[in-house]
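Colleague: What follows is a structure written as structure tokens; I'll ask about it next.
The values are calculated or read from the model by the stated rules, or taken from the named source; none is laboratory data. As the structure is a computational prediction, the values presented were derived from the model and not from experiment. Note that we place each Cβ from the backbone using ideal geometry, even for glycine, and neighbour counts take in every protein chain shown. These accessible areas exclude ligands, DNA and RNA; they are computed on the full protein's heavy atoms, side chains included. Shrake-Rupley method; radii C 1.70, N 1.55, O 1.52, S 1.80 Å.
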Amino acid sequence: MDTDKKTFVVDIDGTIATTENGNYFSSKPIKERIQKLNDLYDKGNTIIYCTSRGYKSGINWEEITKDQLKYWGAMYHKFFTQSPY
């Protein structure tokens, strides 16, 4: 077992994307941060993205967010629409 591998759990908004006033359609990627996480992914670390988008409004942003991650080139192993335990 490789003990050097780690799991990184990352919130999307404010960490790898900028979002103004809850306008998730217009979120902009922070490319340098995405690249650093992609490098960690390529080295065998586990990357988990999470978001609370829609938590207050009840709107399901899951597919839109997954499409954004794909478009931004963000590699990951798991995605949660709520903060994981």
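Colleague: If residue 3 satisfies all but one of (1) within 21 Å of residue 61 (Cβ to Cβ); (2) hydroxyl-bearing (Ser, Thr, Tyr); (3) out of contact with any strand residue (DSSP E or B) (no Cβ under 8 Å at 6 or more places or on another chain), what's the number of the condition it fails?
Modeller: Every condition holds for residue 3 apart from (1).
Colleague: Residue 34 is checked against (1) among the aliphatic types (A, V, I, L, M); (2) without any contact (Cβ under 8 Å) to a residue 40 or more places away in the chain; (3) in contact with a Gly (Cβ under 7 Å, 6 or more places away or on another chain) and fails just one. What number does that condition carry?
Modeller: With respect to (1) among the aliphatic types (A, V, I, L, M); (2) without any contact (Cβ under 8 Å) to a residue 40 or more places away in the chain; (3) in contact with a Gly (Cβ under 7 Å, 6 or more places away or on another chain), residue 34 is out only on (2).
Colleague: Would you check if residue 6 is open to solvent by 40 Å² or more (accessible area, probe 1.4 Å), at pLDDT 95 or above, more than 13 Å from residue 75 (Cα to Cα) and basic (Lys, Arg)?
Modeller: Details: open to solvent by 40 Å² or more (accessible area, probe 1.4 Å): yes; at pLDDT 95 or above: yes; more than 13 Å from residue 75 (Cα to Cα): yes; basic (Lys, Arg): yes.
Yes.
Colleague: For residue 36, state whether it is surrounded by 10 or more Cβ atoms within 10 Å (Cβ to Cβ) and either among the small types (Gly, Ala, Ser) or closer than 16 Å to residue 70 by Cβ (or both).
Modeller: Details: surrounded by 10 or more Cβ atoms within 10 Å (Cβ to Cβ): yes; either among the small types (Gly, Ala, Ser) or closer than 16 Å to residue 70 by Cβ (or both): no.
When the stated conditions are applied, residue 36 does not pass them.
Colleague: Now, a different point. What number of residues within the stretch 14-25 satisfy the criterion of being at pLDDT 95 or above and out of contact with any helix residue (DSSP H, G or I) (no Cβ under 6 Å at 6 or more places or on another chain)?
Modeller: Filtering the stretch 14-25 for residues at pLDDT 95 or above gives 15-18.
In the following step, the residues that additionally are out of contact with any helix residue (DSSP H, G or I) (no Cβ under 6 Å at 6 or more places or on another chain) were identified as 15, 17-18.
Number of matching residues: 3.
Colleague: Which members of the stretch 38-80 meet the condition of being touching a residue at least 12 places away in the same chain (Cβ under 8 Å), out of contact with any Ser or Thr (no Cβ under 6 Å at 6 or more places or on another chain) and among the acidic types (Asp, Glu)?
Modeller: Hit for the stretch 38-80 is 42, nothing else.
Colleague: If we keep just the residues of the stretch 41-85 that are of a type in the set (D, E, K, R) and under 14 Å from residue 24 (Cα atoms), which is least open to solvent (accessible area, probe 1.4 Å)? Walk me through how you get there before you give the answer.
Modeller: Initially, the stretch 41-85 is screened for residues of a type in the set (D, E, K, R), giving 42-43, 53, 56, 62-63, 66-67, 70, 78.
Pick out the ones that are also under 14 Å from residue 24 (Cα atoms) and you get 53, 56, 62-63, 66-67.
Values: 53: 12, 56: 197, 62: 58, 63: 114, 66: 68, 67: 97 Å².
For the stretch 41-85, the residue satisfying everything is 53.
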